[in-house]
Structures are given as C-alpha cells and as structure tokens.
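Comments concern the structure below.
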Amino acid sequence: MKEQYKYVKNLIDKDLRNYLTSFSLSEPIFTPDVVVPQSHSTHSKDYIIYKHLLHFLKPRIEKETSLSLKPIYCYSRLYLEGAKLVKHKDRPSCEISVSLTLNFSYVDKKYKWPLCIENLPIVIKIGDGVIYKGCEVQHWRPIFTQPKPSWHHQVFLHYVNKNGPYEHLKEELTTEIANENKNYLDSLIDTNL
C-alpha cells in the first residue's frame with residue numbers, strides 16, 4: 001500500500017452490518033474501554049464472531065492494499081456521548097488497520113463525526129471503511145457530542161504485512177498471545193534505548 005490511507009466504499013453489506021450491531025447491542029459483550037472513556041469495547045480474542053470478521057474481510061483488504069496480510073486482531077467499539085479518541089499512532093500489531101463504520105444512531109440526523117488522519121477529517125459512511133497505516137499515521141476522533149440515546153458502532157481490523165517487519169507477530173487468539181505480542185514489542189523498545 002503506497003498511500004498512507006485509502007477510503008473503501010461498501011466494505012461490508014447491510015445484512016452483515018446489522019447482524020453484528022444487533023448482536024453487539026443485545027449481548028452483554030462490551031466492557032468499559034480504558035483507552036476511550038465513555039465507550040465500550042470488545043476484542044476478537046473474546047468473541048469469535050469478530051475473529052471471523054477479521055478473516056472474512058482479509059481477501060478484500062489484501063486486494064485494496066496489494067499486500068499479503070496476516071490477521072492479528074479485531075476490535076469493536078461502541079462510542080457514547082462524550083467519547084473522544086486522542087491523537088495517537090498504533091502499536092506494530094496494527095501495521096495495516098481498517099476503521100469500518102457498522103452503524104450509528106444520532107439524535108441530530110445531520111451530525112457528522114469524522115475520523116481524523118493526520119490533519120484530514122474523514123466522515124466514514126455506514127458500510128464503508130478507511131484502510132490506513134496504523135503505526136505510521138496519527139489518527140484520532142473529536143469528542144462525540146451527540147446526547148443519549150445516540151451511539152456509534154465502529155470495528156477496527158488489524159493486520160500485518162506477511163513480508164514486512166512485523167510478520168512474526170501472532171494472531172491474538174488469547175490474552176496470552178496478546179500479551180506476548182506486547183511484551184515482544186516492549187523488548188524491542190528496551191533494546192533500542
């Protein structure tokens with residue numbers, strides 16, 4: 001992938017989007033998110049449905065990026081009033097990332113809530129996604145200002161290039177593997193000081 005990011009239309013169809021959102025809203029799967037207060041989230045290691053989504057969309061993401069990819073993890077987040085994603089770059093496990101809008105419900109039907117990549121605000125329409133180099137580009141979201149009962153359901157798909165510097169990372173199927181990936185990356189930081 002030569003670009004820092006790429007907008008992709010119709011990444012996921014309506015029936016699958018609605019199924020995932022319905023499942024996520026009806027099941028008590030979300031836990032409070034430590035990175036984004038005023039939101040709830042879940043990791044694919046905890047719910048196989050999101051692991052399957054990561055693998056299901058891999059061929060499409062490979063086509064869009066012209067890369068051979070290794071799935072690492074999927075993360076589902078339900079943003080609520082007051083949620084804010086601070087400006088950051090992702091860990092190497094997110095070398096190639098996808099931010100996919102599943103659904104949202106806003107009190108103000110004209111409200112637009114962008115994902116900002118570098119200094120460019122991008123409004124991702126329902127069913128569309130943005131593929132970006134997660135550990136290279138700064139990205140964030142401003143405060144979600146819609147009042148209750150508004151919400152925004154976003155899914156993040158994370159891959160590494162099979163021929164890249166992080167190809168040795170493992171898919172995060174368990175907490176142990178997720179910690180192993182993090183510990184390996186921490187050791188790299190320690191040895192490069």
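Here the condition is being of a type in the set (A, V, I, L, M), in contact (Cβ under 8 Å) with a residue 40 or more places away in the chain and closer than 19 Å to Y5 by Cα; of V123, V86, V107, it holds for V86 alone.
Would you check if R60 is closer than 21 Å to V130 by Cβ and not in a helix (DSSP H, G or I)? Considered against the rule, which asks whether it is closer than 21 Å to V130 by Cβ and not in a helix (DSSP H, G or I), R60 comes out as no.
Exactly one residue among L102, L16 is in contact with a helix residue (DSSP H, G or I) (Cβ under 9 Å, 6 or more places away or on another chain) and either farther than 30 Å from K2 by Cβ or assigned to a strand (DSSP E or B) (or both), and that residue is L102. Any residue at all in the stretch 124-140 that is outside any loop (DSSP other than H, G, I, E, B) and surrounded by fewer than 17 Cβ atoms within 10 Å (Cβ to Cβ)? Looking for residues that are outside any loop (DSSP other than H, G, I, E, B) and surrounded by fewer than 17 Cβ atoms within 10 Å (Cβ to Cβ), one finds at least one in the stretch 124-140, hence yes. Only one entry of I48, I61 meets the criterion of being of a type outside the set (S, T, Y), in contact with a Phe, Trp or Tyr (Cβ under 7 Å, 6 or more places away or on another chain) and under 20 Å from L173 (Cβ atoms), and that entry is I61. With respect to (1) without any contact (Cβ under 8 Å) to a residue 40 or more places away in the chain; (2) of a type in the set (D, E); (3) buried (at least 18 other Cβ atoms within 10 Å of the Cβ), the lone exception for E62 is condition (3). Of all residue pairs spaced 6 or more apart or on separate chains, those with beta-carbon atoms under 9 Å, a first member in the stretch 2-25 that is in contact (Cβ under 8 Å) with a residue 12 or more places away in the chain and a second member that is of a type in the set (F, W, Y) and assigned to a loop (DSSP other than H, G, I, E, B) are F23/Y47; S24/F30; S24/Y47. Within the stretch 41-55, residues that are within 17 Å of L25 (Cβ to Cβ) have Cβ atoms under 6 Å from residues that are of a type in the set (G, A, S) and buried (at least 19 other Cβ atoms within 10 Å of the Cβ) in these pairs: T42/S76; Y50/S44; Y50/S76, counting only partners at least 6 apart in sequence or on another chain.
Could you please let me know if Y73 is of a type in the set (S, T, Y), surrounded by 14 or more Cβ atoms within 10 Å (Cβ to Cβ), modelled with pLDDT of 95 or more and under 17 Å from the mean Cα position of the chain (by Cα)? Yes: the conditions hold for Y73.
Residues that are among the small types (G, A, S), modelled with pLDDT of 90 or more and within 25 Å of V160 (Cβ to Cβ) are absent from the stretch 21-30. Just for the stretch 83-94: of the residues that are surrounded by 15 or more Cβ atoms within 10 Å (Cβ to Cβ) and of a type in the set (D, E, K, R), which one is farthest from T65 (Cα to Cα)? This residue is K84.
Any chance the stretch 95-108 includes a residue that's farther than 18 Å from S39 by Cβ and surrounded by fewer than 15 Cβ atoms within 10 Å (Cβ to Cβ)? Yes, the stretch 95-108 has at least one match.
Evaluating W140 against the criteria (1) within 21 Å of F23 (Cα to Cα); (2) of a type in the set (F, W, Y); (3) within 16 Å of the chain's Cα centre (by Cα) leaves one unmet condition, (1).
The values are calculated or read from the model by the stated rules, or taken from the named source; none is laboratory data. Worth saying up front: this structure is predicted, and the values here are computed from it rather than measured. All Cβ positions, even for glycine, are placed from backbone atoms using ideal geometry, and neighbour counts span all protein chains on display.
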